[in-house]
Amino acid sequence: MRASDAERERVAETLREAVAEGRLEMDEFEQRLEATFKARTHGELVPLVRDLPASGGPVAAPKGSSANWPARIGGASTSSGAFAFWGGFSRKGRWTVGPKFTAFAMWGGGEIDLREAHFAERDVVIRCFTIMGGMQVTVPPDLNVQVNGLGVMGGFGEHSKLDDEPEPEPEPEPDAPRVRITGFALMGGVGVERKRSKAEKRRLQEQERLRLGKPDAGDGRKELG
């Protein structure tokens, strides 16, 4: 999303207050301020104030996203592949995806969940091959994902579990990793699903509750007299 002049000015004001309070050194303030007025997108502004307290409504992360993508890129991979034969495999939670990840399942299934994953490099290729089996790849809504697999007497495709939400599906973040999912499914299927984690759903519900001014569930307790 393109940044507006008003958003850049709000970020600049937050930076000025931070340096006045001693939260930023002058050289770091000058670097961030220069980056603020050079920023062209919303994604370029968010990291500049992510570690500072909000003041005067500075720009926030887009609704539907709380991922700190730059912090999730880099480091040694913890897994570069998975295999299942008459069984299954699972890669989920906090794990680091290698630049090339290859998964194979025959007469079995597998689960690849990227919602909490880290990435060894900015560009990642995930290759999924299944024969008379199935795989499920779950990705966060704001991840840059390209799907171009082939299904032979089977399916290889992408769908979303955000269709029933009132807000539009968020656009991929410009600083998010770029993930290409490819491969083939023979008499089986590979599904790529955009889906928020439970923690992200709770965050959005809390954000909506605060926006509408609704009380917490515990606020309705009656006093006993």
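Only the coordinates and a few stated rules stand behind these numbers; no lab work does. Please read these numbers as outputs of a predicted model, since none were measured by experiment. Every residue, glycine among them, receives a Cβ derived from its backbone with ideal geometry; neighbour counts consider all protein chains shown.
General remarks:
- Using only the C-alpha atoms, the convex hull of the range 107-163 corresponds to 105 Å³ per residue.
- The H on the amide N of F156, modeled in the peptide plane, is under 5 Å from the matching H of G151, V190, each at least 5 residues off or on a different chain.
- Coupling constants for the range 40-52 follow from the phi torsions by the Karplus curve (6.51 cos²θ - 1.76 cosθ + 1.60, θ = phi - 60°), and in residue order they are 10, 10, 4, x, 6, 7, 4, x, 6, 10, 4, 9, 10 Hz; glycine and proline get x.
- A simple rule links phi to the HN-Hα coupling: the Karplus curve 6.51 cos²θ - 1.76 cosθ + 1.60 with θ = phi - 60°, which for the range 89-95 gives 9, 8, 10, 7, x, 7, 8 Hz, with x for Gly and Pro.
- Amide H contacts for T41 (H built 1.01 Å from N in the peptide plane; partners 5 or more residues away or on another chain; cut-off under 5 Å): A3.
- Local electrostatic count at A117 - Lys and Arg +1, Asp and Glu -1, tallied over other residues with Cβ under 10 Å: +3
- Applied to the range 134-146, the Karplus parametrisation 6.51 cos²θ - 1.76 cosθ + 1.60 on θ = phi - 60° returns per-residue 3J(HN,Hα) values of x, 9, 10, 10, 10, 10, x, x, 9, 8, 6, 10, 10 Hz, with x for Gly and Pro.
- Positive contributions from Lys and Arg (+1) and negative ones from Asp and Glu (-1), summed over other residues with Cβ under 12 Å from the Cβ of K38, come out at +1.
- Shown is the FRET efficiency for N68 and T182, computed with R0 = 30 Å from the Cβ-Cβ distance and rounded to the nearest 0.05: 0.65.
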